[in-house]
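*Asks:* Dumping the structure here so I can ask a few things about it.
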Amino acid sequence: MAHAMNAAQGLTDAAAARLAALDAHAVREARLDLAASLRMAARLGMGEGICNHFSAMLPGSDEFFLVNPYGLAFDEITAGSLLVCDLHGNVAQGRGRPEATAFHIHARVHLRHRRARAVFHTHMPNATALCLLEGDPLLWAGQTALKFWGRVAVDENYNGLALDESEGDRIAAALHEQADVLFMKNHGVMVVGDSIARAWDDLYYLERAAHVQRLAASMSRRLKPVAPDVAARTAAQMMAEDPASARAHLDSVRRRLMRSEPEFGQ
């Protein structure tokens, strides 16, 4: 199912100089955050073979981004195995090349939405199951789902694999400016965030919200949605502390992985 991209290796001297000038400590922390997100996603059953992909713009750059390489499952990723690519398809650092749909989706989303410092795309089972149904994916019946009130977009028009820029642009356009979550009908989900931590936090809680909705829907009783005014107020309460809570969540993930899978940091 996965497709390797025909990516070029190397940069111009000027681009290489801009990359070398970035804060090395901040880049290292971004590598650790992204690798930890991928490893924990694997542990929680959010990956699918070698097909899904997470990316993050390098700190201090609107030109270069980290992405998992083609051919590695989430639980094989280490901080050092992540590729650095530019938005034109050149591999600047790392061994290997990106998966083709990873580049064509992620590069175009990063280009169109500068706020999207991190872009996570998965076929995680519960949220993806909601993409296979007609109508709104989330029914706002559980507190966890209210984290996403007013932050969801839906791409109703599945169009095959994203193997070129035009399909990447179509997907990026489906993510409106107020949305951090895109339900891609017949496909999967994409989460964007202004940091790796916030993208991870949203991805985790999105799957939890989808899971409990699916369980409730299986009980042959009507769901009880939260009133819209209460939903909006609760979402605002959640967002007030979201950056700090998301950072603490990902720090917890990193500590747990350092105990059980310390090689992720290599």
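*Asks:* Need a quick list: helices (runs of 4 or more DSSP H) entirely within segment 196-262 having at least 3 residues that are free of Cβ contacts under 8 Å to residues at least 12 places away in the same chain.
*Replies:* Details: elements: 196-217, 228-240, 242-260.
The qualifying helices (runs of 4 or more DSSP H) are 228-240, 242-260.
*Asks:* Being open to solvent by 60 Å² or more (accessible area, probe 1.4 Å) and in contact with a helix residue (DSSP H, G or I) (Cβ under 7 Å, 6 or more places away or on another chain) is true for just one of Arg95, Arg31, Arg112, Arg39. Which residue is that?
*Replies:* Matching residue, one of Arg95, Arg31, Arg112, Arg39: Arg112.
*Asks:* A follow-up question, please. Hey, any hits in segment 83-100 for a residue that's free of Cβ contacts under 8 Å to residues at least 24 places away in the same chain and within 25 Å of Val253 (Cα to Cα)?
*Replies:* Initially, segment 83-100 is screened for residues free of Cβ contacts under 8 Å to residues at least 24 places away in the same chain, giving 83, 88.
Checking the rest, the ones that are also within 25 Å of Val253 (Cα to Cα) come to 83.
Yes, the conditions are met somewhere in segment 83-100.
*Asks:* Is it fair to say Val212 is in contact with a helix residue (DSSP H, G or I) (Cβ under 9 Å, 6 or more places away or on another chain) and farther than 20 Å from Leu130 by Cβ? Can you show your working first?
*Replies:* Numbers: in contact with a helix residue (DSSP H, G or I) (Cβ under 9 Å, 6 or more places away or on another chain): yes; farther than 20 Å from Leu130 by Cβ: no.
No: the conditions fail for Val212.
*Asks:* Could you check how many residues of segment 140-166 are open to solvent by less than 80 Å² (accessible area, probe 1.4 Å), farther than 30 Å from Glu99 by Cβ and assigned to a loop (DSSP other than H, G, I, E, B)?
*Replies:* 5
*Asks:* I'd like to know if segment 167-174 contains one or more residues that are out of contact with any Leu (no Cβ under 6 Å at 6 or more places or on another chain), open to solvent by 50 Å² or more (accessible area, probe 1.4 Å), of a type outside the set (Gly, Ala, Ser) and assigned to a loop (DSSP other than H, G, I, E, B).
*Replies:* no
*Asks:* On to the next question. So which of Asp202, Asp194 is of a type outside the set (Val, Ile, Thr) and open to solvent by less than 80 Å² (accessible area, probe 1.4 Å)? Even if it seems obvious, please write down each step before you answer.
*Replies:* Numbers: Asp194 fails: open to solvent by less than 80 Å² (accessible area, probe 1.4 Å).
Asp202 is the lone residue from the list that is of a type outside the set (Val, Ile, Thr) and open to solvent by less than 80 Å² (accessible area, probe 1.4 Å).
*Asks:* Another question, if that's okay. For segment 78-90, enumerate the residues that are open to solvent by less than 10 Å² (accessible area, probe 1.4 Å) and either at pLDDT below 95 or under 15 Å from the mean Cα position of the chain (by Cα) (or both).
*Replies:* Correct list: Leu82, Gly89.
*Asks:* Here is a further query. From the list Ile77, Ile50, exactly one residue is among the aliphatic types (A, V, I, L, M), in contact (Cβ under 8 Å) with a residue 40 or more places away in the chain and within 22 Å of Thr128 (Cα to Cα). Which is it? Break it down into steps so the answer makes sense when it comes.
*Replies:* Details: Ile77 fails: within 22 Å of Thr128 (Cα to Cα).
So the residue among Ile77, Ile50 that is among the aliphatic types (A, V, I, L, M), in contact (Cβ under 8 Å) with a residue 40 or more places away in the chain and within 22 Å of Thr128 (Cα to Cα) is Ile50.
*Asks:* Would you confirm whether any residue within segment 205-223 is of a type in the set (Lys, Arg) and under 25 Å from Met190 (Cβ atoms)? Show your work before the answer.
*Replies:* Applying the first criterion (of a type in the set (Lys, Arg)) to segment 205-223 yields 208, 214, 221-222.
Going one step further and asking which of them are under 25 Å from Met190 (Cβ atoms), we end up with 208, 214.
Yes, the conditions are met somewhere in segment 205-223.
*Asks:* I would also like to ask the following. Starting from residues that are part of a loop (DSSP other than H, G, I, E, B) and of a type in the set (A, V, I, L, M), keep the ones in segment 31-77 and report whichever is nearest to Asn90 (Cα to Cα). Can you show your working first?
*Replies:* First pass over segment 31-77, keeping only residues part of a loop (DSSP other than H, G, I, E, B): 44-52, 58-63, 68, 70-73, 77.
Checking which are of a type in the set (A, V, I, L, M) leaves us with 44, 46, 50, 58, 72-73, 77.
Values: Leu44: 32, Met46: 28, Ile50: 21, Leu58: 15, Leu72: 19, Ala73: 22, Ile77: 20 Å.
Only one residue fits best here, namely Leu58.
*Asks:* Being under 17 Å from Gly168 (Cα atoms) and out of contact with any Pro (no Cβ under 8 Å at 6 or more places or on another chain) is the filter here; which residues of segment 47-56 pass it? Can you show your working first?
*Replies:* Looking only at segment 47-56, we keep the residues that are under 17 Å from Gly168 (Cα atoms), and these are 51-56.
Result: Cys51, Asn52, Phe54, Ser55, Ala56.
*Asks:* Among the residues of segment 118-130, write down those that are outside any helix (DSSP H, G or I) and crowded, with 23+ Cβ neighbours inside 10 Å. Show your work before the answer.
*Replies:* Let us first name the residues in segment 118-130 that are outside any helix (DSSP H, G or I), namely 118-124.
The answer is Ala118, Val119, Phe120, His121, Thr122, Met124.
*Asks:* Only residues that are over 13 Å from Phe65 (Cβ atoms), in contact with an Asp or Glu (Cβ under 9 Å, 6 or more places away or on another chain) and outside any helix (DSSP H, G or I): list them for segment 82-117, please.
*Replies:* The one that is over 13 Å from Phe65 (Cβ atoms), in contact with an Asp or Glu (Cβ under 9 Å, 6 or more places away or on another chain) and outside any helix (DSSP H, G or I): Arg115.
*Asks:* Do we have Ser220 as open to solvent by 70 Å² or more (accessible area, probe 1.4 Å), small (Gly, Ala, Ser) and farther than 19 Å from Thr122 by Cα here?
*Replies:* Values: open to solvent by 70 Å² or more (accessible area, probe 1.4 Å): yes; small (Gly, Ala, Ser): yes; farther than 19 Å from Thr122 by Cα: yes.
Against the criterion (open to solvent by 70 Å² or more (accessible area, probe 1.4 Å), small (Gly, Ala, Ser) and farther than 19 Å from Thr122 by Cα), Ser220 qualifies.
The values are calculated or read from the model by the stated rules, or taken from the named source; none is laboratory data. Note that the structure is predicted; figures quoted are calculated from it, not measured. Virtual Cβ from ideal backbone geometry, glycine too; neighbours counted across all protein chains shown. Side chains are part of the model used for accessible areas, which takes the heavy atoms of the whole protein and leaves out ligands, DNA and RNA. Shrake-Rupley method; radii C 1.70, N 1.55, O 1.52, S 1.80 Å.
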